[in-house]
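Reviewing the structure listed below.
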Amino acid sequence: ALPPGGPFTQRGGERYDVVQGTSKVFGSGSLHRFTVELEAGVTDDGPAFAAAVEKTLSDPHSWGRGGRASFQRIDTGVPDFRVTLTSSLTVRKLCGYDLPYETSCYNGDLARVVINDARWVRGAVAYQGDLARYRVYVINHEVGHALGHAHLQCPRNGALAPVMMQQTLGVTTPGVGTCKPNPYPFP
């Protein structure tokens, strides 16, 4: 379920505007260039969203740890993937709506990490109101798909949830137990 909270954009313009700005290369592995974009009509602060994406991907607990990958934000040219803050109804078009829940996704055909504005504004029940940690999780999870990682389950009761677990939907795996929310690939 979507936690209670502030208003979010339900319908956008289905056009994506690049948030201007670039970064140095962070990390030391294979380079992945990305843009940060806002769907037209999404009212969130684009530069703040872009800063959150950069901070998450440059964190030593993220995908670049130990030379596994490096990242660079660009605002011109062809990126390897796009990180886009998107309205709820557009997310349904880009991600599907098989489960009637607000989710985010990675659309490989478009090389687009799709972050649902509803989740960006309200987070997920598993994170118990810790919106900052949830935002780190959703960026790392969906970028993980862009890097080719599949979903995982809770490995054992009481463990940290793998970042590739669908923590937006919960942190319990039937027959295994409940994990603790975790926003990082390498905590």
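The values are calculated or read from the model by the stated rules, or taken from the named source; none is laboratory data. Small disclaimer: the values here were computed from a predicted structure and weren't measured. With ideal geometry, Cβ positions are generated from the backbone for all residues, glycine too; neighbour counts draw on all protein chains shown. Each accessible area value is taken on the protein alone, full model and side chains, heavy atoms only, with ligands, DNA and RNA left out. Shrake-Rupley method; radii C 1.70, N 1.55, O 1.52, S 1.80 Å.
Scanning segment 106-138 for residues being under 20 Å from A51 (Cα atoms) and among the hydrophobic types (A, V, I, L, M, F, W, C) gives a total of 10. Would you confirm whether any residue within segment 117-127 is closer than 21 Å to F34 by Cβ and not basic (K, R)? Yes, some residue in segment 117-127 is closer than 21 Å to F34 by Cβ and not basic (K, R).
Is it the case that L110 is part of a helix (DSSP H, G or I), out of contact with any helix residue (DSSP H, G or I) (no Cβ under 6 Å at 6 or more places or on another chain), closer than 25 Å to V36 by Cα and at pLDDT 95 or above?
On the way: part of a helix (DSSP H, G or I): no; out of contact with any helix residue (DSSP H, G or I) (no Cβ under 6 Å at 6 or more places or on another chain): yes; closer than 25 Å to V36 by Cα: yes; at pLDDT 95 or above: yes.
So L110 does not fit the description; no.
For segment 41-62, a tally of residues being out of contact with any strand residue (DSSP E or B) (no Cβ under 6 Å at 6 or more places or on another chain), more than 20 Å from G148 (Cβ to Cβ) and among the small types (G, A, S) returns 4. Only residues that are buried (at least 20 other Cβ atoms within 10 Å of the Cβ) and assigned to a helix (DSSP H, G or I) were counted in segment 35-55, giving 5.
Of the numbered criteria (1) in contact with a Pro (Cβ under 8 Å, 6 or more places away or on another chain); (2) under 23 Å from G12 (Cβ atoms); (3) free of Cβ contacts under 8 Å to residues at least 60 places away in the same chain, the one N107 fails is (1).
State yes or no: is V83 open to solvent by less than 60 Å² (accessible area, probe 1.4 Å), part of a helix (DSSP H, G or I), in contact (Cβ under 8 Å) with a residue 60 or more places away in the chain and of a type in the set (V, I, T)?
Working: open to solvent by less than 60 Å² (accessible area, probe 1.4 Å): yes; part of a helix (DSSP H, G or I): no; in contact (Cβ under 8 Å) with a residue 60 or more places away in the chain: yes; of a type in the set (V, I, T): yes.
In short, no.
Those residues that are of a type in the set (S, T, Y) and more than 19 Å from V91 (Cβ to Cβ), I need them from segment 136-187; list them, please. Break it down stepwise before answering.
To start, the set of residues in segment 136-187 that are of a type in the set (S, T, Y) comprises 137, 168, 172-173, 178, 184.
The answer is T172, T173, T178, Y184.
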